[in-house]
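Asker: Below you'll find the structure I mean.
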Amino acid sequence: MGKEILINKPEEWNRIVTGFHKYDVYYLSEYVKAFQIHGDGEPVLYYYEDDEIKAVNVFILRDIEADKRFKNQILQGTYFDITTPYGYGGFLIEGNVTRESMKRLEQEYTNYCINKGIISEFVRFHPLLSDYKTLGKFYHISKLGKTIVIPLASKEKIWNNLTSKNRNMVRKAVKSGVEIYWGRSKELIESFIPLYKATMDKDKAKPYYYFGKDFFNSILYDLKNQAVLFYAVYQTRIISMAVLLLTNGHMNYHLSASQKEYQHLAPTNLLLYEAACWGFDNGFKTFHLGGGLGSKEDSLYRFKSSFNRDSDYTFTIGTKIFNQEKYDQLIEIRKREMQNSDYLDTDFFPVYRGEYL
């Protein structure tokens, strides 16, 4: 009733995913491959089917021993945890969803995880697709914050959804001579990489977000049908760029970068507006911008929300412990390293991977 598919079988993987009416790029093998290259772990697709429902979950399998804090503390290849790949995911479920069918899915999936040595799972539910309410008895659910979606119903609606301030910024960019183009090529990726690094430096980003060249090449070559670069040009110079992911009627704001000294020209405002209009012209239904850093209603969130004042989607996470005894043992291993003034961040999940505070 349940089975796993590994990344070395991309055709079977994608055949299962695209068999669901509602899916997005985050579930495709080409997308998760980039994060395997980045060193996140082993991508796995779990597929369940019975007479009433079918369900799919995509996750990254991480060997806990590979974490430097557990080196020589536990056996390699024995205990694992799993997490949604960077972005969004969570179970997609279709069919006759009832309490009984969900109970069967939960039991089968739990047995699979326990038999595989999986200690815990962390899920970032797709705000548009994965129904966390259906999974409320399986995961511990937490609502973190709002996320912004632009409905691509018409160009008129796209424009009217902008705040008045944002409309003025778009007009300013056009009047200043900023022009928006799109494409995908090795040259564009090579332009994006240093601009992205400079942006991460400016934002004092965590080391994880400094993706390598092989990662970006994977976006170019593996996601050739699902990724496009939009970029803003001012006086022959690229001053803002964004990688957008596209599939099954959905557009997603993935990675972005810009020249700080040109921010006053509002190139990213114009870029996202033009991208939304392009999405409508090409038959896409939604453009997901995401939320603020850490799901906070910060300056990034306020910028994104200026593209749709009425967006009412919520970013939700789920956590699950499959082996409480081993989970607690891993926390104790971390505690043995602690200094007198240290304590683990218990708001982090799983706690045993948390930082000292």
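The values are calculated or read from the model by the stated rules, or taken from the named source; none is laboratory data. It should be emphasised that the depicted structure is a prediction, and the values quoted were computed from it without experimental measurement. Glycine gets a Cβ as well: all are built from the backbone with ideal geometry, and neighbour counts include every protein chain shown.
Asker: Count, please, the residues in the range 303-352 that happen to be of a type in the set (D, E, K, R), under 18 Å from Phe70 (Cβ atoms) and modelled with pLDDT under 95.
Answerer: Going through the range 303-352 one residue at a time, the tally reaches 7.
Asker: What is the residue count in the range 46-84 for residues that are closer than 18 Å to Gly117 by Cβ and either in a strand (DSSP E or B) or among the aromatic types (Phe, Trp, Tyr) (or both)?
Answerer: Adding up the residues that qualify gives 13.
Asker: When the residues of the range 261-282 are filtered to those that are of a type in the set (Asp, Glu) and under 18 Å from Leu152 (Cβ atoms), which remaining residue is surrounded by the most Cβ atoms within 10 Å (Cβ to Cβ)?
Answerer: Glu274
Asker: Restricted to the range 64-100, and to residues that are among the aromatic types (Phe, Trp, Tyr) and within 30 Å of Tyr132 (Cα to Cα), which residue is farthest from the chain's Cα centre (by Cα)?
Answerer: Only one residue tops the list, namely Tyr79.
Asker: Going by the structure shown, is Asp67 assigned by TED's automatic domain parsing to the domain that holds Lys103, farther than 22 Å from His288 by Cα and either out of contact with any strand residue (DSSP E or B) (no Cβ under 8 Å at 6 or more places or on another chain) or not aliphatic (A, V, I, L, M) (or both)?
Answerer: yes
Asker: Going through the range 121-145 one residue at a time, which ones are outside any loop (DSSP other than H, G, I, E, B) and of a type in the set (Val, Ile, Thr)?
Answerer: Across the range 121-145, the qualifying residues are Val123, Ile141.
Asker: Please count how many residues of the range 323-347 are among the acidic types (Asp, Glu) and in contact with a Leu (Cβ under 8 Å, 6 or more places away or on another chain).
Answerer: Residues in the range 323-347 being among the acidic types (Asp, Glu) and in contact with a Leu (Cβ under 8 Å, 6 or more places away or on another chain): 2 in total.
Asker: What pairs come out if I take residues in the range 100-125 that are in the same structural domain as Ile74 (by TED's automatic domain parsing) and pair them with residues that are of a type in the set (Gly, Ala, Ser) whose C-beta lies under 6 Å away, six or more apart or interchain?
Answerer: Filtered contacts from the range 100-125: Leu105/Ala55; Glu108/Gly2; Tyr112/Gly2; Val123/Gly90; Val123/Gly318; Phe125/Gly90.
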